[in-house]
């Protein structure tokens, strides 16, 4: 009888454990859906057409409600789920959910410590970008939802203005240089018919092209276009002009202090931002010193390439040569820009053909190379990646900023395409979206050191299978890594050591071959995105360290493809979590 009872107890144990895991996963799904349903823009990015005509709320009340929702689900998880009874994958989800929730709660007091209208990713420029690239129009309902969003820009930007006023009340204003950049963008958005200026407005042109492709009776098409003109003149135009007026007023009150130290509790905020960005406990001083050491190391590797190509002179003179010799640059013409896009696409395609040598699981979604739109290219970053829609209706995009071709040298093309595209962010983020067997919230986590560390690691990875045959291209790879090492120095210099904008620019010009324009843009990026730029080198160094440790543990059994499988198929994770996964799965 005892044996029978013991047998029955043993039979029930897996059921109990599975039940606990099912309970946890159901809660993760409810929490994810609860937040998602409050974010129409994110639903659109995922290819969903629920609340397709709405914008996400940008009020402080909305932020307060989001905080309470986060606290509610965290408390429910802790009260209703015993982590000791979870299977390993669900226990990992539990730990990540708790960590992410706690970080969101810790972040709440700093919700105003940012500049929502900035030259890098400001809402003023994100609106037309979102409408052009995310809001697809495949039906009459979709077209009407587009119009609804045009009408909704006015109340949405009113919320943005309220937030800017509240920030100024708290002593938070961007440095003076930001205003000239964003005001130019805003004015560019209000050019072209039905506004003044040549050509067609960015919104109207996009909507007109999308509506043309629909099978509609001509009177309905004309009605839609007439309403678009009305929405632009009565809602979009006034909304942007009100924003411009406020920005001009704030510009007159702004100063030239650049660092996060100027914000309320600025030093405390920056220390928190570094912890969240790097997913480590590294201090500003430790990060600064790491950057200095990496700059010195990479300079040494660059001198070896100087010797290889037979250049006579100092490293500084070699930098000048790389900046100024016309052979390294495309013409600053439409033909030059088109050639850049074609050549970048060819690099991506060559890499696609070699992926089986490096990866086991590969994403299904395609990726295209695309030029940053003219209305935002002067202020936007050098290059970036946009994830595909979940349903496959939109591919991933590697965006190249071709405003000034002097900022996009030929010798950096390979490294840039590998970072932003394949095998970099597309392999990583597209694959994360396609993963099965993990809760949805894990697919869309964004631990910056993991995300950008992988991108930088993927600049180096192709060299191991024969890319970068041209020594100048290999120099370009090192130049991009050097730029990221300098970021460790300059970010901490500006935000912790009270460096000025000009000090940061001078450091880049002295220590990198990058163009003056690119150095200025990078420093201005540091200023509006404290800590973000430290993620790249910190993450890359950790991934390389984990790879070498796994190689030493496994010896001849080590398979680089399996290492990449562990790194990519658990979804985005903090660096300490990644270390545990690699140690457990590659013993």
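Numbers for the structure displayed
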quantity	calculated
Distance-filtered residues of region 402-441 - backbone nitrogen under 15 Å, label point 7 angstrom along residue 42 Cα→Cβ	433, 439-441
Over the chain, relative contact order from alpha-carbon pairs under 8 Å, at least 6 apart, %	16 percent
Kirkwood Rh in Å, taken over the chain so that all alpha-carbon pairs contribute	25.8 Å
Reciprocal mean inverse distance between Cα atoms of region 270-541 - Kirkwood radius, Å	19.2 Å
Order by protection proxy (mean Cβ within 10 Å, highest first), peptides 61-68, 427-434, 551-558	427-434, 61-68, 551-558
Fewest-first sequence of 186, 486, 519 by Cβ atoms within 10 Å of each Cβ	186, 519, 486
Convex hull volume per residue for region 21-110, taking Cα atoms only, in Å³	104 Å³
Neighbour-count order for 505, 465, fewest beta carbons within 10 angstrom listed first	465, 505
Paramagnetic reach from residue 497 in region 531-552 [backbone N under 16 Å; point 7 Å along Cα→Cβ]	531, 534
Helical mean residue ellipticity (222 nm; -39500 (n - 2.57) per DSSP H run of 4+; nearest 500) of the chain	-20500 deg cm²/dmol
Shape parameters for region 432-558, alpha-carbon atoms, Rg then Dmax in Å	17.3, 51
Computed log₁₀ I(q)/I(0) - Debye formula, equal Cα scatterers, no solvent, region 123-256, q 0.15, 0.18, 0.21 Å⁻¹	-0.74, -0.97, -1.22
For peptides 466-478, 243-255, sequence by mean Cβ density within 10 Å, most packed first	466-478, 243-255
Inter-probe distance in nm under a simple model that places probes 7 Å from Cα toward Cβ, at residue 245 and residue 162	1.8 nm
Computed E for residue 76/residue 107 - FRET, C-beta separation, R0 22 angstrom, nearest 0.05	0.60
Computed lengthening from residue 327 to residue 184, 0.36 nm per intervening residue step minus Cα-Cα distance	48.2 nm
Cα pair distances of region 293-378 binned at 5 Å [whole percent]	3, 10, 13, 13, 11, 16, 20, 11, 3, 0
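Any read-out appearing in this document is the output of simple, stated calculations on the displayed coordinates, not a laboratory observation. Here the structure is a predicted model, which means the values were calculated and not measured. Cβ coordinates were reconstructed from backbone atoms using ideal geometry, including for glycine residues, and neighbour counts include every protein chain displayed.
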